[in-house]
Structure formats: C-alpha cells, structure tokens
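Have a look at the structure below, then the notes.
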C-alpha cells in the first residue's frame, strides 16, 4: 500500500497549479511501483480537498484557467489508468474539484464529519471536469441534484447516494482506510489491475475485454496460477 496526502492545509488542500503538478509527478512514480497494489489518497488538515483554488482562478486569464482545467481533467483520468486500486480517505470538506477528485478514485471511505458539494453552479459556472464520472458513481438523479443545486450533503446522505462506499467515525478513518486497503491488497495485483482496467473501459464505452484479460492473466500471472493450484489442492483433500 502507498499513500499520497494533499498537503495545503492552510488552503483546505485546494487544487492550484503547483499541487496539480505535484500530483502529476506523484502518479508517474506510483504507476511504476510494481510492489504496490493499493494507493490511498487523503488530505491533511480539516479538508480532503476544497476544489480548485478560487484565489488563483481570479488571478489568471480565462485561457490559463481553461488550460489548467484540462490538465486537472487529465489528472483525474490518470487515476483511472493506474494499475493500482485507488482509495479516497475523505475527512472534512470535499468540494467542487475536490469531490471530483474523490469520485476519480475506485472506492471511497469518509469520516462521519465529511461534507460534500459541487458549489460551482452557485458561483455562475459549471464544474470544469468530472461530470460523467460523477454520474457513473452517484447515479443520474443524485448526480443532477448535486450539480444543479450546489447544496452540501453530509456523509450519511453521501453514503445513501452511493457517493461513498463506507462511513466511519472520524478518529478511526486512517486505520479503517488502511485495513480496507490491506484487505484489497490480499488479492494478486494482476487480477486487481485487470479488473480495474475492464471497469474503466466499460465506463468509457470501450469494447469489453473480459475474456482476453482473463486468459492473459492466467497465462502471465504466477500468483493467479499458484492460488488456483492451492484451491484445487484443498478441494481434493478428504
């Protein structure tokens, strides 16, 4: 398991140009970590991520803001292309682009004090990226509710919406996320990566490759073959 922490607590971990670049560099390193099966993404301080940095947005041209949004959209897609399973551990605020960062992960666990919102519409513009992924995760009706009202939902409602998978008491979040990551990582990395890739392809409308991936994993994964042998050996025992 590996961890990445957004580390701008004084700005509620808002995504600015520097943090975007740091995350891009970090994901390049993580993608090459063959011994890591799960990546936990969290924020330091009282927010997971408060979204795009409004102060920076007001100081750059619309053209520069659009270029940054394109980089951030590509960054969210990069999480989906990682071979590792990604797990968002959300504590505090996940707003705007921060909520989109959360739904860019494969699974999500939140503290019971977490808050979620897409306030962009209340400011007069649309979310710069992530709408299709949000609708895939939270469902059409819930996603439209968040997008068109800009309202804030508490962790318990986010759980009912399917926006997060689990909610735990805040003091237990880090340990709970680590335990869940460890449980996922018990499975061979090749099977996790292949399954994640198929889910990503189906979500983007690409052709399904389940049979090909199944065969390739059986041919190339020593861990899969070893587990199959162990399973059949147990079945033969009286």
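Below, the figures for the structure above:
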item: Residue 131 vs. criteria surrounded by 15 or more Cβ atoms within 10 Å (Cβ to Cβ), in the same structural domain as residue 178 (by TED's automatic domain parsing) and touching a residue at least 60 places away in the same chain (Cβ under 8 Å); result: no
item: When residues of region 154-173 are limited to those that are without any contact (Cβ under 8 Å) to a residue 40 or more places away in the chain and in contact with a helix residue (DSSP H, G or I) (Cβ under 7 Å, 6 or more places away or on another chain), the one surrounded by the fewest Cβ atoms within 10 Å (Cβ to Cβ); result: 162
item: Meets criteria (out of contact with any helix residue (DSSP H, G or I) (no Cβ under 6 Å at 6 or more places or on another chain) and surrounded by 15 or more Cβ atoms within 10 Å (Cβ to Cβ)) for residue 3; result: yes
item: From 40, 36, residue being surrounded by 13 or more Cβ atoms within 10 Å (Cβ to Cβ), assigned to a strand (DSSP E or B) and assigned by TED's automatic domain parsing to the domain that holds residue 112; result: 40
item: Test result for residue 67, surrounded by 15 or more Cβ atoms within 10 Å (Cβ to Cβ) and more than 30 Å from residue 171 (Cβ to Cβ); result: no
item: Neighbours by Cβ (under 9 Å, 6+ apart or cross-chain): first from region 82-99, under 15 Å from residue 54 (Cβ atoms); second in a strand (DSSP E or B) and modelled with pLDDT under 95; result: 96/52; 97/52; 98/52
item: Yes/no for residue 176 being surrounded by fewer than 17 Cβ atoms within 10 Å (Cβ to Cβ) and in contact with a strand residue (DSSP E or B) (Cβ under 7 Å, 6 or more places away or on another chain); result: no
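The values are calculated or read from the model by the stated rules, or taken from the named source; none is laboratory data. Since the model is a prediction, treat every value here as computed from it, not as a measurement. Neighbour counts are summed over all protein chains in view; Cβ atoms, including those assigned to glycine, are modelled from backbone coordinates with ideal geometry.
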